[in-house]
1. With angles folded into 0 to 90 degrees, how steeply does helix 50-59 sit against the dominant principal axis of the chain? Use alpha carbons for both and round to 10.
2. Show that you can apply the helix-only estimate: for the chain, add -39,500 (n - 2.57) for every DSSP H stretch of four or more residues, divide by all residues, and state [θ] at 222 nm to the nearest 500.
3. With the crude spin-label approximation of a point 7 Å out along Cα→Cβ, what separation in nm comes out for Arg58 versus Arg30?
4. Work out the length of the dipole vector of the chain about its Cα centre, built from +1 on the beta-carbon of each Lys and Arg and -1 on the beta-carbon of each Asp and Glu, and round it to the nearest 20 debye.
5. Specify which labelled value, from (1) 31, 23, 19; (2) 84, 16, 10; (3) 34, 24, 18, agrees with Cα extents along the principal axes in Å derived from the coordinates of the model shown.
6. I need the trypsin sites (Lys or Arg not before Pro) found in the stretch 14-62, filtered to DSSP loop residues with at most 12 other beta carbons within 10 Å of theirs.
Amino acid sequence: MLGARVTVITCMSREKPRWSGPGHVLVDDRAAAREGWEAKGGTFVHHRSAESSVAALRALGFDGKGP
């Protein structure tokens, strides 16, 4: 769904804010990750279900169709 143009980064929870910034999106089931992520300008999506996360990503412009 994200498409080839989307870079996916995996890391330890404590390192997540390091990757944040304007235009960066974090999808995480831990609401505690929101504060550090948003403090650096990133957009946070609280994952509760696949349906709600996909809807949130689509609302942000991720359509899975590529560039």
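Readers should treat all values here as calculations from the given coordinates under stated rules, not as data from a laboratory. The model shown is predicted, which means the values in this text are computed figures rather than measured ones. With ideal geometry, Cβ positions are generated from the backbone for all residues, glycine too; neighbour counts draw on all protein chains shown.
1. Here the helix axis deviates by roughly 80 degrees.
2. That comes out to -6500 deg cm²/dmol.
3. That separation, rounded to one decimal, is 2.9 nm.
4. It works out to roughly 120 debye.
5. (1)
6. Answer in residue order: Arg30, Arg48.
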